[in-house]
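Participant: Here it is, the structure in full.
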Amino acid sequence: MSWIREGELTIIERFCANVIKAGPMPKHVAFIMDGNRRYAQKCHVERQQGHSQGFDKLAQTLRWCLNLGIREVTVYAFSIENFKRSKEEVDGLMDLARQKFSRILEEQCFLNVCFAYTSRHEISNAVREMAWGVEQGLLEPSDVSESLLDKCLYTNNSPDPDLLIRTSGEVRLSDFLLWQTSHSCLVFQSVLWPEYSFWNLCEAILRFQMNYSALQKARDSYMEERRRQQMERDQAYVTKKLQQEGFASHGDSRRRRTLLQKCTAMREERIQGFLQALEHKRVDFFERLCTVSA
Ligand code: IPE
Ligand code: IPE
Ligand code: MG
């Protein structure tokens, strides 16, 4: 029997889901699932029990997301900083992750799990990858841009989250998706993660809907600015090239236009080549990792 799909919504939950679905819905929701240990303390159960119920709550939340038509979910399950917790707790979390994630991930494919993750680590790794690309002669320094950095992140196959939810009343991101959430709706809720309910999720979506047009506007103007900056970089590149060839940088607008088109096409080609090389490098790394741990 499926763990995620079992159990439908009640009539009243279904009714509310349909009302909410009439408005703009987040396509991608990220969760910082926080408050497991406080929950365990509150309920006078073992800490490991709190974490275990946290994993079960994730399975239930994914079911609500499916029912609400949310196509992608990303969760912060364990941060690099969490390795500083006691060995007993870290081992317990690793055991739970092995047991529960293999079951959850077997059943669906719309979940991204950030495990042993921090955003700053992810971003600095992306910067290192681009520096490697320049060093290998695959990229020109002028190819380095925000849009290329996007493509070097672990999340490159996903759109940015529309909504980020943190439970347990903590109002910080704790180094989670810092780059990807600059135009996301951030919702902080006081409920402890193992007690998260369908109604908490509805409340967060309502808050997203109330802020939807402002979020859209911010995103659109950012994309516009990004396009403008790219155009500026391409123009500067062409000017430099013309000067190197001994042409006046402002003269002959047809030549300038042709060169601009050529430069843009060549940049795209370099970037595709670099991304392919990066993909191979990552596949190699994981293959070596699997061989070492086998
Ligand atoms: C979140 O709950 C789960 C992980 C970080 C693995 P916590 O373990 O942080 O619980 P609280 O926040 O201390 O209550
Ligand atoms: C953040 O929670 C990480 C996860 C939920 C996995 P923490 O409870 O570890 O974060 P801080 O230390 O309170 O910021
Ligand atoms: Mg915590």
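The values are calculated or read from the model by the stated rules, or taken from the named source; none is laboratory data. Everything numeric in this text was worked out from a predicted model, so none of it was measured. Heads up, the Cβs are rebuilt from the backbone with ideal geometry, glycines too, and the neighbour counts pull from every protein chain shown.
Participant: Would you mind stating whether SER197 is touching a residue at least 40 places away in the same chain (Cβ under 8 Å) and either more than 16 Å from ligand 1 (Cβ to nearest atom) or surrounded by fewer than 14 Cβ atoms within 10 Å (Cβ to Cβ) (or both)? First the steps, then the outcome.
Facilitator: On the way: touching a residue at least 40 places away in the same chain (Cβ under 8 Å): no; either more than 16 Å from ligand 1 (Cβ to nearest atom) or surrounded by fewer than 14 Cβ atoms within 10 Å (Cβ to Cβ) (or both): yes.
For SER197, the condition - touching a residue at least 40 places away in the same chain (Cβ under 8 Å) and either more than 16 Å from ligand 1 (Cβ to nearest atom) or surrounded by fewer than 14 Cβ atoms within 10 Å (Cβ to Cβ) (or both) - is not met.
Participant: Given GLU46, GLU89, GLU72, GLU106, which one is within 19 Å of the chain's Cα centre (by Cα) and charged (D, E, K, R)? Let's see the steps before the verdict.
Facilitator: Details: GLU46 fails: within 19 Å of the chain's Cα centre (by Cα); GLU89 fails: within 19 Å of the chain's Cα centre (by Cα); GLU106 fails: within 19 Å of the chain's Cα centre (by Cα).
Of the residues listed, the single one that is within 19 Å of the chain's Cα centre (by Cα) and charged (D, E, K, R) is GLU72.
Participant: Here is a follow-up. Within segment 129-167, track down each residue that is of a type in the set (Gly, Ala, Ser) and in contact with a Leu (Cβ under 8 Å, 6 or more places away or on another chain). Break it down into steps so the answer makes sense when it comes.
Facilitator: Start the filter on segment 129-167 by keeping residues that are of a type in the set (Gly, Ala, Ser), which leaves 131, 133, 137, 142, 145, 147, 158.
Once the filter is applied, which keeps residues that are of a type in the set (Gly, Ala, Ser) and in contact with a Leu (Cβ under 8 Å, 6 or more places away or on another chain), segment 129-167 yields only GLY133.
Participant: Residues in segment 90-110: is at least one part of a strand (DSSP E or B), within 26 Å of CYS185 (Cβ to Cβ) and without any contact (Cβ under 8 Å) to a residue 60 or more places away in the chain? Working first, answer last.
Facilitator: The initial filter retains those residues of segment 90-110 that are part of a strand (DSSP E or B), namely none.
Looking for residues that are part of a strand (DSSP E or B), within 26 Å of CYS185 (Cβ to Cβ) and without any contact (Cβ under 8 Å) to a residue 60 or more places away in the chain, one finds none in segment 90-110, hence no.
Participant: Would you pick out the residues in segment 251-277 that are of a type in the set (Gly, Ala, Ser) and not in a helix (DSSP H, G or I)? Break it down stepwise before answering.
Facilitator: So in segment 251-277, the residues of a type in the set (Gly, Ala, Ser) come out as 251, 253, 265, 273, 277.
Across segment 251-277, the qualifying residue is only GLY251.
Participant: Return the total of residues in segment 19-33 being within 16 Å of ligand 2 (Cβ to nearest atom) and assigned to a loop (DSSP other than H, G, I, E, B). It would help to see each step written out before you state the result.
Facilitator: Residues of segment 19-33 within 16 Å of ligand 2 (Cβ to nearest atom): 29-33.
Adding the requirement that they be assigned to a loop (DSSP other than H, G, I, E, B) leaves 33.
Of the residues in segment 19-33, 1 are within 16 Å of ligand 2 (Cβ to nearest atom) and assigned to a loop (DSSP other than H, G, I, E, B).
Participant: Among GLU129, GLU122, which is the only one that is more than 16 Å from ligand 3 (Cβ to nearest atom), in contact with a Cys (Cβ under 6 Å, 6 or more places away or on another chain) and modelled with pLDDT of 95 or more? First the steps, then the outcome.
Facilitator: Working: GLU122 fails: in contact with a Cys (Cβ under 6 Å, 6 or more places away or on another chain).
Residue meeting the stated conditions: GLU129.
Participant: Have a look at LEU93, LEU163, LEU148 and point out the one that is surrounded by 13 or more Cβ atoms within 10 Å (Cβ to Cβ), away from ligand 3 (no atom under 16 Å from the Cβ), modelled with pLDDT of 95 or more and over 30 Å from MET231 (Cα atoms). Spell out how you get there, then give the answer.
Facilitator: Details: LEU93 fails: away from ligand 3 (no atom under 16 Å from the Cβ); LEU148 fails: over 30 Å from MET231 (Cα atoms).
Checking each option against the conditions leaves just LEU163.
Participant: Considering segment 209-247 alone, what residues qualify as being under 23 Å from VAL29 (Cβ atoms) and not in a helix (DSSP H, G or I)?
Facilitator: ASN211
Participant: Inside segment 166-189, can you point out the residues that are surrounded by 15 or more Cβ atoms within 10 Å (Cβ to Cβ) and within 21 Å of LEU149 (Cβ to Cβ)?
Facilitator: LEU173, ASP175, PHE176, LEU177, TRP179, GLN180, THR181, HIS183, SER184
Participant: Something else now. Going through segment 34-82 one residue at a time, which ones are aromatic (Phe, Trp, Tyr) and either in contact (Cβ under 8 Å) with a residue 60 or more places away in the chain or near ligand 2 (Cβ under 10 Å from one of its atoms) (or both)? Break it down into steps so the answer makes sense when it comes.
Facilitator: Taking segment 34-82 as the starting set, the residues that turn out to be aromatic (Phe, Trp, Tyr) are 39, 55, 64, 76, 78.
TYR39, TRP64, TYR76, PHE78 - these are the residues of segment 34-82 that are aromatic (Phe, Trp, Tyr) and either in contact (Cβ under 8 Å) with a residue 60 or more places away in the chain or near ligand 2 (Cβ under 10 Å from one of its atoms) (or both).
Participant: Out of ARG207, ARG270, ARG256, report the one residue that is over 29 Å from GLY133 (Cβ atoms), surrounded by 15 or more Cβ atoms within 10 Å (Cβ to Cβ) and among the charged types (D, E, K, R).
Facilitator: Working: ARG270 fails: over 29 Å from GLY133 (Cβ atoms); ARG256 fails: over 29 Å from GLY133 (Cβ atoms).
Sole residue among the options that is over 29 Å from GLY133 (Cβ atoms), surrounded by 15 or more Cβ atoms within 10 Å (Cβ to Cβ) and among the charged types (D, E, K, R): ARG207.
Participant: Just name the residue that is nearest to ligand 2 (Cβ to nearest atom) out of those in segment 155-177 that are in contact (Cβ under 8 Å) with a residue 40 or more places away in the chain and under 9 Å from the mean Cα position of the chain (by Cα).
Facilitator: Going through the qualifying residues, I end up with PHE176.
Participant: While we're on this one: Within segment 172-194, work out how many residues are more than 16 Å from ligand 1 (Cβ to nearest atom) and either part of a helix (DSSP H, G or I) or closer than 16 Å to GLY35 by Cα (or both).
Facilitator: Residues flagged as more than 16 Å from ligand 1 (Cβ to nearest atom) and either part of a helix (DSSP H, G or I) or closer than 16 Å to GLY35 by Cα (or both) within segment 172-194 amount to 1.
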